[in-house]
1. Would you list 7, 152, 128 from fewest to most Cβ contacts within 10 Å?
2. Provide the FRET efficiency to the nearest 0.05 for the residue 37-residue 205 pair, computing r from the beta carbons and using R0 = 35 Å.
3. Give the relative contact order (percent, whole number) for the chain; include only Cα pairs under 8 Å separated by 6+ residues.
4. Working out 0.36 nm times the residue gap between residue 151 and residue 198, then minus their Cα-Cα distance, what length gain in nm do you get to one decimal?
5. Ranked highest first by average number of other Cβ atoms within 10 Å, how do 53-65, 194-206, 32-44 line up?
6. When the chain is modelled as a GNM with alpha-carbon springs shorter than 10 Å, which of 118, 69, 176 fluctuates the most?
7. Compute the FRET efficiency between residue 180 and residue 23 as 1/(1 + (r/R0)^6), taking r as their Cβ-Cβ distance and R0 = 25 Å, and round to the nearest 0.05.
8. Show me 11-23, 82-94 ranked by packing, highest mean number of other Cβ atoms within 10 Å first.
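Any read-out appearing in this document is the output of simple, stated calculations on the displayed coordinates, not a laboratory observation. Just so you know, these numbers come straight off a predicted model, no measurement behind them. Cβ placement follows ideal geometry from the backbone for every residue including glycine, while neighbour counts extend to all protein chains displayed.
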């Protein structure tokens, strides 16, 4: 029997890493000879929530964009792993019993693996695709969904950014937007996700949802 995929963004969805990533971006800019000031809502206006896009928004261009992202990766990989959101282990454990849980993130896979291990979540996640792997989120998601054992009609992309919702719809699966992440529920709603999730425990409901669902919040 084909399996559903539950593909999760990481920062702001599984892990409460906003403060860490803001510090990493500020540090990256400093290494490039710039001082930038970032706030908690600095990601709100980005159409693609990546460190490269943050660099461009701050005025970096050319090779400096890739260097900025590399500085961020180095910073987050050396930092203490951030905490995961309360209820995440229960949710991921339940979803892993019904399908395959994967992580698709702009952050580095080493940092993600370290965070999952520290939180006791490594056994729930089958695969991690980090930002060091070339390609857009949409292209990588499409490759995951193209595996012959995947039931695309039962699969979900779970994220906190408009780019996550766009990637899901372009790849042909459904999108679940979480309300506790880096972009506001109002911004996410503009992309018409099939489900808006208000708390981590409610993620469990994704394994019960038929493919003909209407858009609703939980």
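1. 152, 128, 7
2. Step by step, r from the Cβ atoms, then E = 0.35.
3. Worked out over the chain, it gives 26 percent.
4. Gain on extension, residue 151 to residue 198, equals 14.4 nm.
5. The packing order, highest mean first, is 194-206, 53-65, 32-44.
6. 118
7. 0.80
8. Per-residue mean Cβ counts within 10 Å order the peptides as 11-23, 82-94.
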